[in-house]
Structure formats: structure tokens, C-alpha cells
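Right, one structure below, let's go through it.
The values are calculated or read from the model by the stated rules, or taken from the named source; none is laboratory data. It should be emphasised that the depicted structure is a prediction, and the values quoted were computed from it without experimental measurement. Note that we place each Cβ from the backbone using ideal geometry, even for glycine, and neighbour counts take in every protein chain shown.
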Amino acid sequence: NKHQSEKQLLDLIKRKRGSVPLAVCHSRSESGSAEVSSCTYPARAKGVTKGMFIGEAKSRCPELIVRPYEFDKYEAATAAMYRCLFALTPHVHGLSTDEAILDATAAVYAAISSSSSSSSSSVGADSFEDVVAAVAGQLRSAVEAATGGCTASVGSGPNRLLARLALRDAKPNGHVHM
């Protein structure tokens, strides 16, 4: 039964989240000329890259799972992620469906103010870097909960350049402050 095997595949992907070599493509043909539009970090570790033909990707990673586009799910996850970002700050510059630059300075200083005015710290931190990490952690948790399991990486710094460099080191699913 095709529906049953599809459900089993989705269950496997959910159980092994973060460790499954998976690619998104409009074709499932093993020898097709369709291109990988996106892939997981385990697939990248085997040499699969976006823009690569599926045949080449499958030869580099025979266990690669190829999934079709699911635009309705991407749209829902993107909207949920952006709601989390805008809940933190109105200063959001969207770069793509899954990446944005934000100025969270006010949120960090609000957390500092909140933790210093109450006996029990809302972020459980006392140094500036600890508060930044706590705010980033809260944002990452909110995104994961709101999207049904999509993890988020956060790079932070005193300016966009350093934050972008920090983001490169934070991937996948982490936070780095420069």
C-alpha cells in the first residue's frame, strides 16, 4: 500500500530527525535530471548540494531520501517562524523563507532590566553574553515549538557582519555570539 509506506517513511524521518540524509526535489527519479533544491546536513556531509542532479546525489549518498515539494507546509512553517521573530522585535529584515536578520537589542535590554528588577531572573543569566544566549535560546525554542519541530540557528553580535559570521558557526541548530 503506497499510503502505508509513505506514512512509514515519514515516521522514520520524525524518529531520526537530524540524522536522516534527505533532499527536496520535484522528481524522485534515481537517474533523473531534476535538481536538489535543499538537503539536510547529513546529506551535505555525504557530498550532496543544492543544485546537484538527483542521479549524482544518489550516487554520492545511496541512502538519500528524496521528498517532493510541500509548499503549503513551507508557507505555514515560515509564517510561524516570522510570528516568533516579530513577537521578539519589530525590527525584522526577512532574507528568505527560513532566514532573517533582526535587531533584538531592545529585547536583550528588557531581559536585563527584568532580571535585575526581580529576585528570580526571567532568563537566569547575569552577564550580557548570558542574557544574549538566553534570549537566543528562548527564540530558538519558540520557533521549534511554533513550527512543529523546525530547529533554528542564531548568530548574534554587535553588528550585522559579525552576527552573520556567528550564524555560520552556529549552524546547524545552535547559537554563537561574537
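What the table shows:
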read-out: Any hit, the range 140-150, residues being buried (at least 18 other Cβ atoms within 10 Å of the Cβ), at pLDDT 95 or above and in contact with a strand residue (DSSP E or B) (Cβ under 8 Å, 6 or more places away or on another chain); value: yes
read-out: The one condition in (1) loosely packed, with under 15 Cβ neighbours inside 10 Å; (2) in contact (Cβ under 8 Å) with a residue 24 or more places away in the chain that LEU85 fails to fulfil; value: (1)
read-out: Unique match (being surrounded by 12 or more Cβ atoms within 10 Å (Cβ to Cβ), in contact with a strand residue (DSSP E or B) (Cβ under 6 Å, 6 or more places away or on another chain) and under 24 Å from CYS39 (Cβ atoms)) among ARG67, ARG60; value: ARG67
read-out: Those residues of the range 151-178 which are in contact (Cβ under 8 Å) with a residue 60 or more places away in the chain and crowded, with 18+ Cβ neighbours inside 10 Å, in sequence order; value: ALA152, ALA163
